[in-house]
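Where a number appears in this text, it was derived from the coordinates with a stated rule and is not lab data. Values in this document were obtained by computation on a predicted structure and should not be read as measured data. Counting neighbours? That spans all protein chains shown, and the Cβs are built from the backbone with ideal geometry, glycine included.
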Amino acid sequence: EADIYQTPRYLVIGTGKKITLECSQTMGHDKMYWYQQDPGMELHLIHYSYGVNSTEKGDLSSESTVSRIRTEHFPLTLESARPSHTSQYLCASSDHGGDTEAFFGQGTRLTVV
Amino acid sequence: AQSVTQLDSQVPVFEEAPVELRCNYSSSVSVYLFWYVQYPNQGLQLLLKYLSGSTLVKGINGFEAEFNKSQTSFHLRKPSVHISDTAEYFCAVSPWGGGSYIPTFGRGTSLIVHP
């Protein structure tokens, strides 16, 4: 079944730790995205990719980095986690073209203590 | 650049009552329009989308939305809500005819259905 997966679902980690949030999709989509979601706020685009070896920063300034070595995989890395990084992170993918819907993973809720 | 405004952060309603969730957008180019729903502890899933043609579009779970170009609005409606409709609803736009095709989302409207 075509789907998009995020791991872990929940993560509590100490300040200064390096973390990687995983995202994989089985739909063969070229475009992938990372959004940050806080209660009552817009979904903020932090990174996106048009395909393998393509990565771009989004509207929201972020200290995270991403890579796209394979079509299906789009991990997000925080080199040194801080309490201000506490949030929900949503990964999504879509086919090329603005008329296609985005498919979302279930999200990773990150808490930095 | 595009922006999406969802005017209501929270909409409480009783079961079987009608509901309207409002969405206005601004864009320097033409856009496609979407509504997504997010149930607790889940990702977003598509409710419906407007690409072209009839301005009234029907989606899943009995929802529909009407595109109004002059008012740059895309309000979501349901004639009779159910408890299971309690969720967060997001309006989104995506540019066409040149552009990055990256969707822009509103801040969401929390629909709370009371028994």
Within segment B:92-115, count every residue that is among the hydrophobic types (A, V, I, L, M, F, W, C), in contact (Cβ under 8 Å) with a residue 60 or more places away in the chain and either within 26 Å of A:Gly97 (Cα to Cα) or not in a strand (DSSP E or B) (or both).
4
Tell me, which residue of segment A:11-34 that is of a type outside the set (D, E, K, R), away from chain B (no Cβ under 14 Å) and part of a strand (DSSP E or B) is surrounded by the most Cβ atoms within 10 Å (Cβ to Cβ)?
A:Ile19
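Select from segment A:35-57 the residues that are in a strand (DSSP E or B) and more than 9 Å from every other protein chain (Cβ to nearest Cβ) and write down the one among them that is farthest from A:Leu110 (Cα to Cα). Before you say what the answer is, go through the steps one by one.
Initial filter on segment A:35-57 (in a strand (DSSP E or B)): A:35-37, A:44-49, A:56-57.
Adding the requirement that they be more than 9 Å from every other protein chain (Cβ to nearest Cβ) leaves A:36, A:46-47, A:49, A:57.
On the way: A:Gln36: 11, A:Ile46: 15, A:His47: 17, A:Ser49: 22, A:Lys57: 20 Å.
The residue in question is A:Ser49.
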Among (1) away from every other protein chain (no Cβ under 14 Å); (2) touching a Phe, Trp or Tyr at 6+ places or on another chain (Cβ under 9 Å), there is one condition B:Pro18 misses while meeting the rest; what is its number?
(2)
Would you please list the contacts, defined by Cβ atoms under 8 Å and residues six or more apart or on different chains, that run from a residue in segment B:73-91 that is closer than 15 Å to B:Trp35 by Cβ to a residue that is in a helix (DSSP H, G or I)?
B:Lys78/B:Asn61; B:Lys78/B:Gly62; B:Lys78/B:Asp85; B:Asp85/B:Asn61
